[in-house]
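The values are calculated or read from the model by the stated rules, or taken from the named source; none is laboratory data. Quick caveat, the model's predicted, so the values are computed rather than measured. Every residue, glycine among them, receives a Cβ derived from its backbone with ideal geometry; neighbour counts consider all protein chains shown.
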Amino acid sequence: MPKLKPDTQRAKREHILDAAQTCFARGGFHATTMQHICREAGVSPGALYGYFNSKEALIEGLCERDRAEIAERFGQLALAPDFIEALTAIGEHYFVAESPEKQRFVVEMGVESTRNPRIAEIFMGVDKFCSDAFEALFQRLKDEGRIAPAVDVPTLAKVFNIIGDGMAWRRAIEPGMDMRTVLPVLVELVSTLLRPVEPLMKPARSEDVLGKRVREVRR
C-alpha cells in the first residue's frame, strides 16, 4: 500500500480527531468506543490505530491541538494595539462562533479527569498551559504599562480561568444560549479588573507649539 503524502496524513489525522471530538461530546468518554470513532470518521480500525492506539491518545491529540491554537491566539493578543478589543474577538470566537460541541467535549473531559489519572494528566496539563499563558500575558501588559490591574497578576489569571470555565459550562448545557448578550457585560467586568491604561498623548511637534505661540501673540 503506497505511503500517504505528509499533507494527506495530516488531513486524515485532523479528520479522525474531529470525529473523536464529536463522539466524545455526544456519548462521553466511557460510552464511546474506538469502533464508534471509526464509523464517525469513515475509516477502518487499522487506519485509526495507525494514528492513535487508544482513546487516551485521541484525547491527548485533541488537547495538543487546542494548546497550539491557544498559543497562536495569545501571541496575537499580546501584540494587539487595542487589547480589550482583541480579547473580545477571542471571546466571540470561542463562545459565539465555535460549536457548543467543543464546550461539551471540554466539560466531559474535565469530569473524566476526576476519575482517570491519565486523562487528568493530559487535561490539567492544558489547563496549566492556559493559566500560565494568561499570567504571562497580563504580566507583560503590566510591565509595558498597558494595564494597571486591580488585583495581583496570578489572582487575575485564576479569575479569567474561572470566567472561561463558567462560560464553557453554560454553553455546554444550554447550546441555544446567545452569548452575544452576555459577552459585552463580561468584557466590561474584565476591563474593570484589568484597568487598561490609556496611551499618553503624543507630544506636540515644535513647529506646532511655535505656531500656537505666534497666534497667541498676534491676538
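May I ask you to verify whether residue 117 is modelled with pLDDT under 90 and either over 16 Å from the mean Cα position of the chain (by Cα) or not acidic (Asp, Glu) (or both)? Against the criterion (modelled with pLDDT under 90 and either over 16 Å from the mean Cα position of the chain (by Cα) or not acidic (Asp, Glu) (or both)), residue 117 does not qualify. For residue 26, indicate whether it is modelled with pLDDT under 95 and surrounded by 15 or more Cβ atoms within 10 Å (Cβ to Cβ). It is true that residue 26 is modelled with pLDDT under 95 and surrounded by 15 or more Cβ atoms within 10 Å (Cβ to Cβ).
Let's see how each residue does on (1) of a type in the set (Val, Ile, Thr); (2) surrounded by 13 or more Cβ atoms within 10 Å (Cβ to Cβ); (3) assigned to a helix (DSSP H, G or I):
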position: 58; (1), (2), (3): no, yes, yes
position: 70; (1), (2), (3): yes, yes, yes
position: 93; (1), (2), (3): no, no, yes
position: 118; (1), (2), (3): no, yes, yes
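Here residue 157 fits the description: small (Gly, Ala, Ser), without any contact (Cβ under 8 Å) to a residue 60 or more places away in the chain and surrounded by 14 or more Cβ atoms within 10 Å (Cβ to Cβ). Cβ-Cβ distances below 8 Å connect the following pairs, each with a first residue in the range 117-128 that is assigned by TED's automatic domain parsing to the domain that holds residue 106, a second residue that is surrounded by fewer than 16 Cβ atoms within 10 Å (Cβ to Cβ) and β-branched (Val, Ile, Thr), and a separation of six or more residues or different chains: 120/114.
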